[in-house]
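Asks: Have a look at this one.
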Amino acid sequence: MAITLNNGFKMPIVGLGVWRMDKKDVKDLILNAIQIGYRHFDCAADYQNEAEVGEALAEAFQTGLVKREDLFITTKLWNSDHGHVLEACKDSLKKLRLDYLDLYLVHFPVATKHTGVGTTASALDKDGVLEIDTTISLETTWHAMEDLVSKGLARSIGISNYDVFLTRDCLAYSKIKPAVNQIETHPYFQRDSLVKFCQKHGICVTAHTPLGGAAANTEWFGTVSCLDDPVLKGLAEKHKKTAAQISLRWGIQRNTIVIPKSSKLYRLKENFQVLDFELTEEDMEQIKSMDRKYRTNQPAKFWGIDLYA
């Protein structure tokens with residue numbers, strides 16, 4: 001099952017996010033995921049495991065497990081490389097051992113002090129606050145992203161963590177419209193206005209953190225997961241599914257791409273088994289009532305500044 005992007009390319013509706021996957025586990029997880037049926041992998045320079053993903057992809061291609069054209073590979077431009085888009089993209093391609101990306105995203109709508117292509121440490125000032133580069137506009141970054149398409153390095157380009165205002169601006173100054181906006185959205189953080197605005201203007205929404213962060217974000221940010229909510233638990237019982245599967249199915253029925261992350265094989269299988277049932281209108285309304293406008297991914301913890309304030 002796939003969504004057709006505004007440029008005609010098809011993007012599988014369920015993908016596997018590789019954020020916080022240990023380097024030593026990545027290869028086996030990717031190969032197992034391909035065998036389960038995953039064809040969409042969501043990477044980023046900042047995850048510091050592109051080389052390990054590349055090793056897995058190379059083995060998958062060499063052994064005939066899958067062909068390159070059967071996969072949809074996303075990676076992202078890090079904040080410190082906004083002035084070095086071409087070099088950053090080429091660095092990611094080299095690590096991933098690919099000739100082109102299916103999708104290249106601007107990871108966050110902020111340029112920060114350049115620390116060298118391929119390095120993704122966030123430079124902080126003496127007060128521990130993120131060193132934001134005020135000389136590079138998001139428009140300049142976007143036009144460099146557009147050049148990647150004409151060079152054949154990226155088939156589609158998009159944005160990530162952009163709100164309505166920034167998305168509107170990107171639509172205004174772009175020659176190539178963003179194909180995707182990847183944002184945090186889940187039953188506790190539904191962001192209906194942003195999702196509908198993007199979809200109205202032909203931008204596909206990818207839901208990162210589609211399970212509300214679960215254990216990973218509880219550990220890092222002290223946040224609460226929506227998976228323990230009685231509404232999801234009740235619907236899971238009704239449909240004989242897990243709360244995670246209900247949450248992912250809800251995302252799919254909103255016409256968003258979902259990219260759950262897991263390092264456990266049984267969860268990889270479970271998260272992929274979301275296309276064999278449907279939530280009713282009443283189920284969807286129940287989940288709609290769960291919205292708390294509750295963001296679980298909080299980079300301010302590392303940056304000393306709240307960019308969402």
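The values are calculated or read from the model by the stated rules, or taken from the named source; none is laboratory data. Note that the structure is a prediction, hence the values are computed from the model and not measured. In this analysis, Cβ positions are derived from the backbone assuming ideal geometry, glycine residues included, and neighbour counts consider all displayed protein chains. Remember, those area values only see protein heavy atoms, side chains included, never the ligands or the DNA or RNA. Shrake-Rupley method; radii C 1.70, N 1.55, O 1.52, S 1.80 Å.
Asks: Counting other Cβ atoms within 10 Å, keep those with at most 15, restrict to DSSP loop, and tell me which GluC sites (Glu not before Pro) in region 244-306 are left. Walk me through the numbers on the way to the answer.
Replies: Values: sites: Glu270, Glu278, Glu281, Glu282, Glu285; in loops: Glu278.
Those satisfying the criteria are Glu278.
Asks: Would you mind calculating the gained length between Thr140 and Thr119 on full extension (0.36 nm times residue separation, minus the Cα-Cα distance), in nm to one decimal?
Replies: Contour length minus the Cα-Cα distance gives 5.4 nm.
Asks: How are the C-alpha pair distances of the chain spread across 10 Å bins, as whole percents from the shortest bin up?
Replies: Using 10 Å bins, I get a P(r) of 6, 28, 37, 24, 6, 0 for the chain.
Asks: For region 152-291, which whole percent of the accessible surface, found with a 1.4 angstrom probe, sits on carbon and sulfur atoms?
Replies: Working: 3180 of 6000 Å².
It is 53 percent, rounded to a whole number.
Asks: Using DSSP, restrict attention to beta bridges with both residues in region 157-299 and report what percent are antiparallel, rounded to the nearest 5.
Replies: Numbers: 1 of 10 bridges.
Counting DSSP beta bridges with both partners in region 157-299, the antiparallel share is about 10 percent.
Asks: Another one. Which residue, Gly116, Gly15, Gly202, tops the fluctuation ranking in a GNM of the chain built on C-alpha contacts under 10 Å?
Replies: Gly116
Asks: Can I ask one more? Using +1 at the C-beta of Lys and Arg and -1 at the C-beta of Asp and Glu, which of Ala60, Leu29, Tyr47 has the Cα lying farthest in the positive direction of the dipole of region 1-102?
Replies: It is Ala60, whose Cα lies furthest towards the positive end.
Asks: Output the pairs from Lys241/Lys293; Lys27/Lys261; Lys10/Lys67; Lys24/Lys261; Lys27/Lys269; Lys113/Lys177 with a Cα-Cα distance over 18 Å in this structure; if there are none, say none.
Replies: Violating the 18 Å limit, Cα to Cα: Lys241/Lys293; Lys113/Lys177.
Asks: Moving on. So what is the relative contact order of the chain, in percent, for Cα pairs below 8 Å that sit 6 or more residues apart?
Replies: Reported as a whole number, the value is 18 percent.
Asks: Return one whole number: the accessible area per residue of region 190-309 in Å², for a 1.4 Å probe.
Replies: On the way: 5980 Å² over 120 residues.
Per-residue value: 50 Å².
Asks: Quick one, can you get me the convex hull of the C-alpha atoms of region 29-83 expressed as volume per residue in Å³?
Replies: 83 Å³
Asks: Please compute P(r) over all alpha-carbon pairs of region 1-145, binned at 10 Å starting from zero, and give each bin as a whole-number percent.
Replies: 11, 39, 32, 15, 3, 0
Asks: Sticking with this structure for a sec: Normalise the Debye intensity by I(0) for region 122-243, one equal point scatterer per Cα, no solvent, then take log10 at q = 0.09, 0.10, 0.14, 0.20 Å⁻¹ and round to two decimals.
Replies: The Debye formula, applied to the Cα set alone, gives -0.38, -0.47, -0.81, -1.13.
Asks: Most mobile of Met21, Met145, Met11 per a Gaussian network model of the chain (Cα springs, under 10 Å)?
Replies: Met21
Asks: Right, here's the next one. Give, in whole angstrom and from largest to smallest, the semi-axes √(5λ) of the equivalent ellipsoid of region 85-161, with λ running over the eigenvalues of the Cα gyration tensor.
Replies: Calculated on Cα positions only, the semi-axes equal 24, 14, 10 Å.
Asks: Can you pull a Stokes-Einstein diffusion coefficient for region 193-309 at 20 °C (1.002 mPa s), Rh from Kirkwood over Cα pairs, as a whole number of µm²/s? Don't skip to the end; give the middle numbers.
Replies: Values: Rh = 15.3 Å.
Stokes-Einstein gives a translational diffusion coefficient of 140 µm²/s.
Asks: What whole-number value in Å² describes the accessible area per residue of region 31-110 for a 1.4 Å probe?
Replies: Numbers: 2720 Å² over 80 residues.
Heavy-atom accessible area per residue stands at 34 Å².
Asks: Using the Cα gyration tensor of region 240-306, with a ≥ b ≥ c the square roots of its eigenvalues, what is the shape: rounded (a/c below 1.5), prolate (a/b larger than b/c) or oblate (neither)?
Replies: On the way: a/c = 2.73, a/b = 1.39, b/c = 1.97.
It is oblate, given that a/c is not under 1.5 and a/b is not larger than b/c.
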